[in-house]
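Heads up: the structure comes next, in C-alpha cells.
Nothing in this text is a laboratory measurement; each read-out follows from the coordinates by a stated rule. Quick caveat, the model's predicted, so the values are computed rather than measured. Note: ideal-geometry Cβ built from the backbone for every residue, glycine included; neighbour counts use all protein chains shown.
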Amino acid sequence: MKTNRAISINNSLVHGICNYSCRLCSINTDSYDGPREFQSYTVTKTLIQRVLQSAESGIHVRYIANSGDGEPTLHPEFNERIRMFGEMLSEWSVSAIPPPEVSVVTNGSRLDKPGIMDTFLENGISLIISLPTIIPESYGLIMANDSNLGEAMLSITLPGVEKAMEYRAKEQLSKLYFHISPPETEIIRHDFPETIDYLTRLARKKGLGEIELVLFPATSNRSGLIRSNIVTVDMYKDLFRRYNGRTVNDVNIRMKLVLKRFFSSTGEIADLVRSFKFPCLWNANFFIAADGSSICCNDQSARNPLGNILSDSLDSLMQYKEQYMPGQICSGCNQSPERLKGSAEAVLFSFIAKFRMLSAEILNRYSASSDSIFEQKESLLSEKDTVKQSNSRVEEVKQTGENTIDTISDATLPESIDEMKEAFRLIYDTYISSGFQKPDPSSMRISFHNLLPTSSLITVRKNGNVCGTLTIIQESDDRLPINELFNSEISKIRKKDSLICELCSLAVDTSITRGESRVVLLSLFRKAFILSHHLLGCTDLCMMINPHHCDYYQKEFNFEKIGQVRHYIKVNDAPAVPMRLDLIKGAELFKKSNPRLYQYFFIDDHQMIKERSFHELYNYKKIYNVKYINDLVESQKDLLTNLTEEEIRILHSFYPELR
C-alpha cells in the first residue's frame, strides 16, 4: 500500500442492531436494507491476527474503535470479545510498533448492567460515551426522534456516566471520552454550555479533575439513507476558544475534533491526498462490518464492500481503498470531498481533492485507451484480445498466465463420501463464522434437503481439497427450503409448465485469495445453470440470501427480488430475501447485457449435455445417493435424530434400503 501514516479501524461488533433510534441513523427505519448481525468469533479473531501481522510488517494500527452501526454492548458475547482485545494488548510483542489504543463507543444505556464496566477495567479498554446533549428534550429528539423520551432515556444512561467518572478518577478505567454525537450541530451548539456545566459538576463530585470531549464537524450522511439539512462543516472554533483548555467548576476541559483521532497532523492528510485516487476522509481508514467486509464509514447498508478481513490482509484492503474511485454509493453522499464547504480548511481540502480525482481520472482514461479492459486482474472473466474464447473459465485463466488459480478444478459432483463430508464441513464453518449456525459436535451442516435424490451437491477443489460448494434442489411436491418462509411469493411465479429449482448452502473457503474466490463462485454457478437448465429442464432458479448481497446477485447474475426481508429460524434468525432468475428470460438478458457471461453460462458444453440424457443422469444420481447417503447415515449416528418423523418417512420413500 502507498499510505505511510498510522491507520485507524472502526470495528462493528454489532451491525444493524441497536436499542436506540437516532434520527440520523436508518437502522431502525423501514428504509434500512443492510445486514443485522453480530460479529462472529472468527471475524474478531482474524481482525486481531491481521493487526498483529501488520505490525510485524511495519504497518502501525494506531486505534481500534469497537463501534459501528449498532450498539456494541448488545453483542451476546460482548465481554468475551473485549477480553480478546485485552489479551492482544497485554501480550503485545512487536517492539518496533506500539500497540493500538482500543476503545468501545457506546450510547451508555447498558453500562450499569452486571459485568459490562468490569470488562473495561480488566482489559485496559478506553470507554467512549456518545452524549450529544444533557437537555432531556434535545436528547430524546436526537437519540429517539421523540423529545418526550429524553428524560427516561437519560435516567438510564447517566448512572453509567457517573460510575465511569468514578472509576476514571481512581485511574481504574484506562481512558474516558465523551463523543458529542450524533453530530446534530445546531442542537449541540445551543445546549453546549449546559452540557459542559453538568459534566464538569458531576466530574468534580466524583473527584475527576479533567474531562475529554470529542466533537464531530459534519453530520453523518449514511450513504444518502438519511438526508440532513446541515451540509456544511462546522469546526466549532468559537466553542474551542471558549472552553478548550479552560476550567469550569474546577474541572479542566480538553476538546478535540474527531479528525484528530484519525489524522494526527496535516502531514497525514497530505499522505491521504498523495496515496488515494479518491481522497475521502470517511473512506481513508478501515470500517470493518460484522461479517468482516471492509466498507466506507458511511456505507451503513454495506452495499459496496472492498474486500473482507477474513480473506485479505490490512495491506490488501488498504490498496483496494487507495485505488477506489467514487461510484453509486458516493453519489448519494453529501460528504464527498468535492462537496465540502463551511470553513477555509474544508474549502481548501475540497479543491485539492477535486484536483487529485481529476488527475486520477485522466490516468485511468489513458490506461483504458492503451490496455484492453479485459486485461485487468480484478476482472473475473478477463482475457487478452489475442486469446480465443474457451469453454472453461478455469482453462481461460490458465491460458492468460494467472498461476494463482492453476490448481482450482472445475465444479463437479462429489466423487466420494469423504468429498461430501468435506463440503458439509465447509458449509458448517462458513455458517459458524457468519453466525448462522450453532455449534455442533459433528462440525458438519447437513440438512434434510441435502439427503434427497432431487438435490445435487456441487463442489470445487483446490489442491485436492474442497474450497467451494453449492447445492441445487429440484422441486418435488413443493418441497423446497424457500417454501418454509416465502411460499406465497414462490406460488406467484409458479406456472403450469414451470419447474423451480433452489440454490442453497453456498460456501467458499475464506482462506483462498479474493481472485480465486470469484473464480470458484463463477464455476459453481456455471455448473448450477448447466445442471438445472439443460439437464433438469428447470425454468426458474430461486434462493434465499442475506439482504446486503442482493445488489451483487442482481448485477452479476440478473436475479430479481420477489419479496421482502424475513428472518429464517434455521440460520439463527438471520434476515433473508427471496430472489428468482427466470432462466428463459435470463438467458436473453445475458445475451444482451453481457455476451461473455452468456457464452460462459449457457453455451459452453451445451452440445455435450444434449448428448447425455436426463435418464442416464437420474439413474447415476439415484445409485450415487443411495450409496453415499447410506454411508453418511451410518457414519453419523445422530443425523436422523435431527429430522422430523415426516422427513424420515420421505427419506424411506426414496431409499427403501436405507438402514
Listed pairs LYS561/LYS585; LYS237/LYS341; LYS237/LYS260; LYS113/LYS438; LYS45/LYS163 exceeding 19 Å between Cα atoms: LYS113/LYS438; LYS45/LYS163
Amide N of region 573-594 lying under 13 Å from the label point, which is placed 7 angstrom from the Cα of SER498 along Cα→Cβ: 579-586
May I ask for the angle, rounded to the nearest 10°, between helix 78-90 and the longest principal axis of the chain, with both axes built from Cα atoms and the value confined to 0 to 90°? 70 degrees
Within the chain, what is the longest stretch that has no GluC sites (Glu not before Pro) placed in a DSSP loop and near at most 12 other beta-carbon atoms within 10 Å? 416-656
Lys/Arg Cβ at +1, Asp/Glu Cβ at -1, dipole of the chain taken about the Cα centre: which of ILE472, LEU485, GLY292 is farthest positive-ward? GLY292
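When the chain is fully extended, how far beyond the present Cα-Cα distance does LYS163 get from LYS592, taking 0.36 nm per residue of separation?
The span from LYS163 to LYS592 would gain 148.0 nm if fully extended.
Would you mind working out the magnitude of the charge dipole of the chain relative to its Cα centre, with +1 at each Lys and Arg C-beta and -1 at each Asp and Glu C-beta, to the nearest 20 Debye? Kindly include the intermediate steps, with their values, before the conclusion.
Details: 76 positive and 83 negative charges, 287 e Å.
For the chain, the charge dipole is close to 1380 debye.
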Between ARG23 and THR641, what's the calculated FRET efficiency when r is the beta-carbon distance and R0 is 30 Å? Round to 0.05. 0.05
Within a 10 angstrom radius of the beta carbon, how do VAL347, VAL161, VAL258 rank from fewest other beta carbons to most? VAL347, VAL258, VAL161
Once both axes come from the Cα atoms, what is the angle between helix 344-370 and the longest principal axis of the chain, in degrees from 0 to 90, rounded to 10? 20 degrees
Simple label model, 7 Å out from Cα along Cβ direction - LYS354 to ARG566, nm: 5.1 nm
Residue-normalised 222 nm signal for the chain, counting each DSSP H run of n ≥ 4 as -39,500 (n - 2.57), nearest 500 deg cm²/dmol, is -12500 deg cm²/dmol
What distance in nm separates the two pseudo spin-label positions at GLU186 and SER416, each 7 Å out from Cα along the beta-carbon direction? 7.0 nm
Measure nothing but the geometry: give the 0 to 90° angle between the long axis through the Cα atoms of 417-434 and the longest principal axis through the Cα atoms of the chain, rounded to 10°. 20 degrees
